[in-house]
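See structure below.
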Amino acid sequence: MTLHLDFTNMMAPAVPTGPTEDEWRALASRFESVHQAVERDALSGRYGFAELDAQAAEQARVVAYAESVRGAFDDVVVLGIGGSALGATALRTALCDTDWNARTAAARAGQPRLHVYENVDPRSIAARLDSVEFARTLFLVISKSGGTAETMAQYLLVRARLEAAGLPLARHVAFVTDPTRGLLRPIADREGIPVFSVPANVGGRYSVFTPVGMLPAALVGIDTAALLAGAREVVQRAASQNLAVNGAAVFALLQWRAHTRHGHGIHVMMPYSDALRDIAPWFAQLWAESLGKADADGTAVGPTPVAALGATDQHSQLQLYMQGPADKTVTFLVERSRATDLAIPEPPPGLAGELGYLSGRSFGDLLDAEQRATAAALAHAGRPNQTLSVDQTDARAVGGLLMFLMYATVYAGALYRVDPLNQPGVEAGKLLARAELADGVRSLGSGRWAV
Ligand code: PA5
């Protein structure tokens, strides 16, 4: 397995609020019923995100399409939001053309650049559209529902610009959407636009292994077979009730217990890696949107995820984590080895005393030491934390990591007694936004502030 979870600092005696060996055994037997319920639901087809074999035919279409347009585009632009954007962003940052992946980018010479236009701030949309050459750009309109306002607005704009430039839509646009529902499917059928399906039983934030994530990944040369192989490994492990095998279960149990028994309801995800940094906002959406809602008794429950970055946020949020309210857990995300490291040059004689601790070290050593020291210091202050590590940031490990966190979320849903697959609050927000545009302020009532 390319993933490792070190949860020593979530347990007693490392932190006083952590479970003892006896309590851990009790939690393990509690997990048996959670696991049975999840497996039962899986058999009834609820967890499409883990049905990787069922998606093999669509995945083959994705790969064939990516091959068929190889060399035709310099830029691939995702138009999507939330679960239809965050996975592609996490994959791009981890595995392709970013300034911190320069060496990987060189190896990927000739592959198009991937952009994700998530927000609808006109300033950034205007600037970004100006920066691509439409004749060499492929736009992916990604929307499970096929009707989200932000994505539809972006689609209308891009469509109008392509038409104005006399460029064929069927060549410069592809859709990813529900197999039957929504506005995009009939447009695709009518206009011959290539369209790929998100299975009906996979929601936005769980869709990274469907064409939502796999199409942009394949188009920019990410090894989707390796991503899926890593994900499959976690699916196999999730078949086990044994906590020594099923690490996603350990993650869920410890986070849920820290929250519900000790009020540690703020769950910080802190990668110590620029390549893994966008997995934190992807996880934040998954954890928040899946778990923050009314439970089976109607009580409002749910942890609050926070995305942070090491070592940068040691000089920012860490003060709060160390000495602020004891209401948090911290999960560090680390790489055990990295493709690139840099030696820190020997300090000149005048600085050899003060900077001697850097002598013979690399930047990777510095980053790793800072992470280990932070974990130890938090534990010393009684603050629970755990370290989730990958051997190295490659497609297989990233695939495993994303699937691990999706399983952890589903287990946490069962523990919090919520449906981790729905998002009634988000849907209500979408309706309110439409009403606001259609009817103006009347639909939202009075009571507005102005300064
Ligand atoms: O996870 C979710 O369900 C949401 O974040 C959606 O992904 C987001 O609202 C976009 O929806 P859609 O893909 O239908 O355009």
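The values are calculated or read from the model by the stated rules, or taken from the named source; none is laboratory data. Being a predicted model, the structure only gives us computed values, none of them experimental. Don't worry about glycine lacking a Cβ; one is built from the backbone with ideal geometry, like all the others, and counts go over all protein chains shown. All accessible areas refer to the heavy atoms of the entire protein, side chains included, with ligands and DNA or RNA removed. Shrake-Rupley method; radii C 1.70, N 1.55, O 1.52, S 1.80 Å.
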| remark: Of (1) within 16 Å of the ligand (Cβ to nearest atom); (2) in contact (Cβ under 8 Å) with a residue 60 or more places away in the chain, Ala307 satisfies every one except (2)
| said: Can you find a residue that is in contact (Cβ under 8 Å) with a residue 24 or more places away in the chain, under 16 Å from Ala56 (Cα atoms) and open to solvent by 10 Å² or more (accessible area, probe 1.4 Å) anywhere in region 234-248? | reply: yes
| task | Would you mention how many residues in region 112-137 are farther than 21 Å from Gly83 by Cβ and either within 16 Å of the ligand (Cβ to nearest atom) or in contact (Cβ under 8 Å) with a residue 60 or more places away in the chain (or both)? | result | 4
| message | It is to be established whether one or more residues within region 378-393 are on the phi > 0 side of the Ramachandran plot, in a loop (DSSP other than H, G, I, E, B) and without any contact (Cβ under 8 Å) to a residue 40 or more places away in the chain. | response | no
| helices (runs of 4 or more DSSP H) enclosed by region 145-263 - at least 3 residues per element that are among the small types (Gly, Ala, Ser) | 149-164, 211-219, 224-238, 247-262
| field | Flag for Gly203 being of a type in the set (Gly, Ala, Ser) and open to solvent by 10 Å² or more (accessible area, probe 1.4 Å) | value | yes
| field | All positions within region 40-50 that are open to solvent by 60 Å² or more (accessible area, probe 1.4 Å) and either in a helix (DSSP H, G or I) or touching a Gly at 6+ places or on another chain (Cβ under 9 Å) (or both) | value | Arg40, Leu43
| Residue check, Glu32 in a helix (DSSP H, G or I) and open to solvent by 60 Å² or more (accessible area, probe 1.4 Å) | yes
| said: Which count do you get for residues in region 318-371 that are out of contact with any Ser or Thr (no Cβ under 8 Å at 6 or more places or on another chain), within 26 Å of Ala90 (Cα to Cα) and at pLDDT below 95? | reply: 2
| query | Taking region 276-300, which residues are open to solvent by 10 Å² or more (accessible area, probe 1.4 Å) and away from the ligand (no atom under 16 Å from the Cβ)? | reply | Arg277, Ala294, Asp295, Ala296, Asp297, Gly298, Thr299, Ala300
| Within region 191-200, can you find the residues that are of a type outside the set (Gly, Ala, Ser) and open to solvent by 40 Å² or more (accessible area, probe 1.4 Å)? | Glu191
| request: Give just the number: which of (1) open to solvent by less than 60 Å² (accessible area, probe 1.4 Å); (2) outside any loop (DSSP other than H, G, I, E, B) does Arg396 not satisfy? | output: (1)
| task | Find the residue count for region 138-158, including only residues that are away from the ligand (no atom under 12 Å from the Cβ), open to solvent by 50 Å² or more (accessible area, probe 1.4 Å) and in contact (Cβ under 8 Å) with a residue 12 or more places away in the chain. | result | 1
| Residues located in region 116-127, provided they are in a helix (DSSP H, G or I) and loosely packed, with under 14 Cβ neighbours inside 10 Å | Pro122, Arg123, Ser124, Ala126, Ala127
| said: Can you tell me which residue is nearest to the chain's Cα centre (by Cα) among those in region 166-190 that are farther than 24 Å from Lys430 by Cα and either within 13 Å of the ligand (Cβ to nearest atom) or open to solvent by 60 Å² or more (accessible area, probe 1.4 Å) (or both)? | reply: Arg171
| note | Exactly one of Leu401, Leu405, Leu415, Leu388 is within 16 Å of the ligand (Cβ to nearest atom) and open to solvent by less than 20 Å² (accessible area, probe 1.4 Å), and that residue is Leu405
| request: Working only within region 318-356, note down all residues that are in a loop (DSSP other than H, G, I, E, B), free of Cβ contacts under 8 Å to residues at least 40 places away in the same chain and under 30 Å from His259 (Cα atoms). | output: Gly324, Pro325
| request: Can you give me the number of residues within region 83-94 that are open to solvent by 20 Å² or more (accessible area, probe 1.4 Å) and either at pLDDT below 95 or within 16 Å of the ligand (Cβ to nearest atom) (or both)? | output: 2
| query | If you go through region 207-218, how many residues are away from the ligand (no atom under 15 Å from the Cβ) and either in contact with a Leu (Cβ under 6 Å, 6 or more places away or on another chain) or not assigned by TED's automatic domain parsing to the domain that holds Ala64 (or both)? | reply | 1
| query | Ile187: at pLDDT 95 or above and closer than 23 Å to Thr93 by Cβ, yes or no? | reply | no
| query | Looking at region 239-255, which of its residues are small (Gly, Ala, Ser) and more than 20 Å from the chain's Cα centre (by Cα)? | reply | Ala239, Ser240, Ala244
